[in-house]
Amino acid sequence: NNNNNNNESYISEIVVDSSITVCSSRLLEHFSGNFDYQSIRDDFVKNVLHSEIIEDTRVDTFIVNNEYAVCVTNVSQYHRVCRDLLNRWVSPFFVENLVGSAKTGLRGNVYKGSNIILGRSCVIGPTVLIGDDTHVGEGSTIRTSVVGRRCVIGSNVTLVGVILWDDVVLGDNVTVMEGSVLCSGVKVATDVTIEANCIISPDVHVDKSTVVGQRIPDLSEYAQQDDHDDSEEGEDEEGASENEDDGDHDDQCQQRQDNTFSNEVRSTMRRAIKNHHALDNVRIEVNSLKFAENKSFSDCIDAFMPVLLDLVDPSLSSRQYVDSMTKVIDSWAPFIKKFLFSEMEQTTLLTNVETHGLRCPTLHSTFHCVLQILYKTNLLTKM
């Protein structure tokens with residue numbers, strides 16, 4: 001808390017980040033001009049505010065005390081929000097308000113829709129929502145789960161910590177383990193086990209006596225496969241050589257693509273230097289090439305840094321060389337910073353300077369001075 005009347009700080013270990021960000025309309029302008037930004041927190045806050053590129057920008061944190069706030073970005077959070085909703089922790093939102101036909105029992109947080117049919121020996125609850133027109137067979141158990149509308153659940157089915165969307169059909173003797181999600185229209189035959197944390201897409205049919213989940217390979221299979229491969233090694237020599245040729249061809253194609261990208265970026269840089277283009281326009285052109293060729297920020301640095309380093313005449317004296325290099329780096333620093341997002345890009349920048357120093361004796365002898373310039377302009381930080 002920091003204002004005119006009270007200056008104090010405190011650290012809390014019981015606050016959970018809701019991942020919800022509210023921004024002003026002025027911030028959206030920076031995203032439209034910097035289309036590399038994918039996330040406000042990971043890109044804008046980390047790379048812009050830390051670089052002090054935008055002035056008079058403030059980030060405030062609001063702590064929610066009695067309300068509920070969460071951003072669902074993965075399946076685990078999806079399950080957590082569903083559990084919180086069933087446990088009536090999402091005040092003022094309750095299941096009976098969101099699902100008009102749902103009615104809750106006196107205890108156990110069990111919500112039942114209209115026109116449902118439950119087998120006499122089935123066990124429902126605690127913490128369960130069953131949608132309208134759903135049938136549950138004899139001997140089935142449903143706990144801490146959400147079952148959609150018009151679902152048909154056979155006999156001796158076990159659902160614990162799962163989510164079923166609408167129109168799901170489960171045969172007899174089916175077990176769905178915790179963390180799984182079955183989307184709309186899924187049909188599962190009898191004697192099927194769906195292991196934990198599985199997601200089954202809409203309208204998928206699972207055959208009977210199937211185990212759905214992550215398969216852990218048996219090492220003995222690899223040993224048998226190796227023996228089989230050894231026995232057929234002579235027969236496969238021709239095929240192997242063809243595969244190697246294909247691999248070499250792919251490497252050559254990738255190399256040509258890399259060279260094409262580097263040449264286009266360097267041509268863009270030389271044209272911008274000759275015509276005195278604005279740095280923002282140059283950045284947009286280089287970013288366009290980056291996205292067109294699906295390249296990284298390090299690839300961009302590898303492409304344009306040699307052009308910038310060549311702007312300094314290597315025949316100058318050491319003092320004149322450092323002065324000229326200082327002018328070049330100072331003038332292009334705002335452009336270069338747009339491509340420095342992690343230690344990887346800083347390492348690429350430093351590697352380019354070192355490589356240029358191997359070809360330029362003057363840079364080699366004044367490398368320590370150039371390194372200081374990179375630190376002073378905040379192109380390099382302590383890694």
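The values are calculated or read from the model by the stated rules, or taken from the named source; none is laboratory data. Since the model is a prediction, treat every value here as computed from it, not as a measurement. FYI the Cβ positions are ideal-geometry reconstructions off the backbone, even for glycines, and counts take in every protein chain you see. Ligands, DNA and RNA are stripped out before the accessible areas are found, and what is left, the full protein with its side chains, is counted by its heavy atoms. Shrake-Rupley method; radii C 1.70, N 1.55, O 1.52, S 1.80 Å.
Among (1) charged (D, E, K, R); (2) assigned to a helix (DSSP H, G or I); (3) under 31 Å from the mean Cα position of the chain (by Cα), where does K295 come up short?
Of everything listed in (1) charged (D, E, K, R); (2) assigned to a helix (DSSP H, G or I); (3) under 31 Å from the mean Cα position of the chain (by Cα), K295 misses just condition (2).
Let me spell it out: the conditions are (1) outside any loop (DSSP other than H, G, I, E, B); (2) open to solvent by 20 Å² or more (accessible area, probe 1.4 Å), and A272 meets all of them except one. Which number is the exception?
(2)
Pick from R88, R80: which is modelled with pLDDT of 70 or more, not aliphatic (A, V, I, L, M) and not in a loop (DSSP other than H, G, I, E, B)?
R80
Being of a type outside the set (D, E, K, R), farther than 17 Å from M269 by Cβ and in a helix (DSSP H, G or I), is that true of even one residue in region 299-308?
No, region 299-308 contains no residue that is of a type outside the set (D, E, K, R), farther than 17 Å from M269 by Cβ and in a helix (DSSP H, G or I).
Based on what the data block shows, is N66 open to solvent by 50 Å² or more (accessible area, probe 1.4 Å) and either aromatic (F, W, Y) or at pLDDT 70 or above (or both)?
Taking the combined requirement at face value, the residue satisfies it.
Can we say P361 is of a type outside the set (A, V, I, L, M), touching a residue at least 40 places away in the same chain (Cβ under 8 Å) and open to solvent by 40 Å² or more (accessible area, probe 1.4 Å)?
Yes, satisfied.
Yes/no per residue for (1) in contact (Cβ under 8 Å) with a residue 24 or more places away in the chain; (2) more than 20 Å from D17 (Cα to Cα); (3) open to solvent by less than 50 Å² (accessible area, probe 1.4 Å); (4) not aromatic (F, W, Y):
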position: L85; (1), (2), (3), (4): no, no, yes, yes
position: V128; (1), (2), (3), (4): yes, yes, yes, yes
position: T134; (1), (2), (3), (4): no, yes, yes, yes
position: S140; (1), (2), (3), (4): no, yes, yes, yes
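Select from region 97-117 the residues that are part of a strand (DSSP E or B) and open to solvent by less than 90 Å² (accessible area, probe 1.4 Å) and write down the one among them that is modelled with the lowest pLDDT.
T104
Please determine whether any residue of region 325-347 is of a type in the set (S, T, Y), at pLDDT 90 or above, crowded, with 19+ Cβ neighbours inside 10 Å and in contact with a Ser or Thr (Cβ under 9 Å, 6 or more places away or on another chain).
Scanning region 325-347 turns up no residue that is of a type in the set (S, T, Y), at pLDDT 90 or above, crowded, with 19+ Cβ neighbours inside 10 Å and in contact with a Ser or Thr (Cβ under 9 Å, 6 or more places away or on another chain).
If we scan region 152-175, do we find a residue that is over 17 Å from V99 (Cβ atoms), touching a strand residue (DSSP E or B) at 6+ places or on another chain (Cβ under 7 Å) and open to solvent by 60 Å² or more (accessible area, probe 1.4 Å)?
Yes: one or more hits.
With the requirement that a residue be under 35 Å from the mean Cα position of the chain (by Cα), hydrophobic (A, V, I, L, M, F, W, C) and in a helix (DSSP H, G or I), what does region 340-372 give you?
Once the filter is applied, which keeps residues that are under 35 Å from the mean Cα position of the chain (by Cα), hydrophobic (A, V, I, L, M, F, W, C) and in a helix (DSSP H, G or I), region 340-372 yields M344, L349, L350, V353, L371.
For region 275-315, give me each residue that is surrounded by fewer than 18 Cβ atoms within 10 Å (Cβ to Cβ) and touching a Ser or Thr at 6+ places or on another chain (Cβ under 6 Å).
Within region 275-315, E285, P314 qualify.
Is it true that R26 is of a type outside the set (A, V, I, L, M, F, W, C), surrounded by 11 or more Cβ atoms within 10 Å (Cβ to Cβ), at pLDDT 65 or above and in a helix (DSSP H, G or I)?
no
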